[in-house]
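The values are calculated or read from the model by the stated rules, or taken from the named source; none is laboratory data. Quick caveat, the model's predicted, so the values are computed rather than measured. With ideal geometry, Cβ positions are generated from the backbone for all residues, glycine too; neighbour counts draw on all protein chains shown. Each accessible area value is taken on the protein alone, full model and side chains, heavy atoms only, with ligands, DNA and RNA left out. Shrake-Rupley method; radii C 1.70, N 1.55, O 1.52, S 1.80 Å.
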Amino acid sequence: MQTGSTWHLYKRCSIDMADGVINRIFPTRSIKRVLFIAPPDADASMFDYATAKRGRYWNFPPYGLGVIAAHIRNDGIDVRIINLNNEVLKACKLSISEGNFDFDDVWKTSLSRSLKDFQPDIAGVTCMFTQTHRSAVEVCDEIKKFNPALPVAVGGVHITNCFADNKASDLLLNDFE
């Protein structure tokens, strides 16, 4: 059992550590622009051009990101949402043939354009489904290539569920290193 003074010291150390991390990540202690990103639902290895061309893939709007965006806009923060799954499916539908369609180029170009034009203070990437895991990792890797200093937060149902057991959470943390 900890005494009151020991607990107070422990709490103070935790606050100081958290404060140090926040100062390192956000030196100005201010977030003015947030870019939320919905990655493609699957990576290039799982994508079937003919299925997408026929419009047979699901294309859910990133509802959760929209809800979060609405709340933080109320705090005066500028928020944009980019749905990379929609960008890929739209580009596929508009393409002339499979030969002139490049899955990875579509989402990477769209992502880099959004990062360059908006200059966010933080990027938030959602991962709702297990099948989206690899795609979300690739999006995070691409963000870090574009701007290694940009803080990236990940969330969503799949991410949350991975913390239900130690093995899954260890794998997740290794993938998003």
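Could you tell me whether Val79 is in a strand (DSSP E or B) and β-branched (Val, Ile, Thr)? Break it down into steps so the answer makes sense when it comes.
Values: in a strand (DSSP E or B): yes; β-branched (Val, Ile, Thr): yes.
In short, yes.
For segment 52-73, give me the residue count where each residue is exposed (fewer than 12 other Cβ atoms within 10 Å of the Cβ) and within 21 Å of the chain's Cα centre (by Cα).
At the first step, the residues of segment 52-73 found to be exposed (fewer than 12 other Cβ atoms within 10 Å of the Cβ) are 54-56, 58, 63, 67, 70-71.
Checking which are within 21 Å of the chain's Cα centre (by Cα) leaves us with 58, 63, 67, 70-71.
Count: 5.
Screening Thr130 on (1) over 22 Å from Leu35 (Cβ atoms); (2) within 10 Å of the chain's Cα centre (by Cα) shows it passes everything except condition (2). Report whether or not Arg80 is at pLDDT 95 or above, surrounded by fewer than 13 Cβ atoms within 10 Å (Cβ to Cβ), within 21 Å of the chain's Cα centre (by Cα) and of a type outside the set (A, V, I, L, M). Considered against the rule, which asks whether it is at pLDDT 95 or above, surrounded by fewer than 13 Cβ atoms within 10 Å (Cβ to Cβ), within 21 Å of the chain's Cα centre (by Cα) and of a type outside the set (A, V, I, L, M), Arg80 comes out as no.
Could you identify the single residue in Phe101, Phe129 that is in contact (Cβ under 8 Å) with a residue 12 or more places away in the chain, open to solvent by 40 Å² or more (accessible area, probe 1.4 Å) and aromatic (Phe, Trp, Tyr)? Just one listed residue meets the conditions, Phe129.
Rundown of residues vs (1) at negative phi; (2) aromatic (Phe, Trp, Tyr); (3) not in a strand (DSSP E or B), yes/no style:
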residue	(1), (2), (3)
Trp107	yes, yes, yes
Arg113	yes, no, yes
Gly124	yes, no, no
Ala136	yes, no, yes
Asp141	yes, no, yes
Val154	yes, no, no
Lys167	yes, no, yes
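The number of residues in segment 28-67 being without any contact (Cβ under 8 Å) to a residue 12 or more places away in the chain and among the charged types (D, E, K, R) comes to 4.
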